[in-house]
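A short worksheet on the structure shown next.
Values in this text are rule-based calculations from the coordinates and carry no lab data. What you are looking at is a predicted structure, and each value in this text was computed from that prediction instead of being measured. Cβ placement follows ideal geometry from the backbone for every residue including glycine, while neighbour counts extend to all protein chains displayed.
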Amino acid sequence: MIGLGSLGLGGDPDRPTCSSAACRAAASWRVNWRNPRIHTADRVKVWLACDEHRSSLSDYLATRGFPVLVSALDEPVDAVPDAATSAGAGS
Ligand SMILES: [Zn+2]
């Protein structure tokens, strides 16, 4: 379990919401990522995403050259491998 306080938009803690700006939809996905310049390989940052913003959030990170790995909301990942940059792939 991770702390969602820094991710939320002031909403109900029992209802994780999408991390996309101005989106209040319920999150269904974890966009796991890290910045290889400042994060070690075992560091995982997580954005939450609704169905609509899953690809836009992962694409946003991927275009910056960050490793991105999308997983289901109830499937936390331990690490984001460098090779996992093929964002936008279907489930
Ligand atoms: Zn959204």
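Brief remarks on what is shown
- Computed from phi, the 3J(HN,Hα) profile of segment 73-81 under the Karplus parametrisation 6.51, -1.76, 1.60 (θ = phi - 60°) reads 4, 9, 10, x, 10, 8, 7, 10, x Hz, with x in place of Gly and Pro.
- Working note: Karplus 6.51/-1.76/1.60 with θ = phi - 60° gives segment 31-37 the couplings 9, 8, 7, 7, 9, x, 6 Hz, where Gly and Pro are set to x.
- Neighbour-count ranking [beta-carbon atoms within 10 angstrom, fewest first] of TRP47, TRP33: TRP47, TRP33
- Calculated from backbone phi, Karplus (6.51, -1.76, 1.60) coupling profile of segment 49-55 in Hz, x at Gly/Pro: 9, 7, 4, 5, 9, 3, 6
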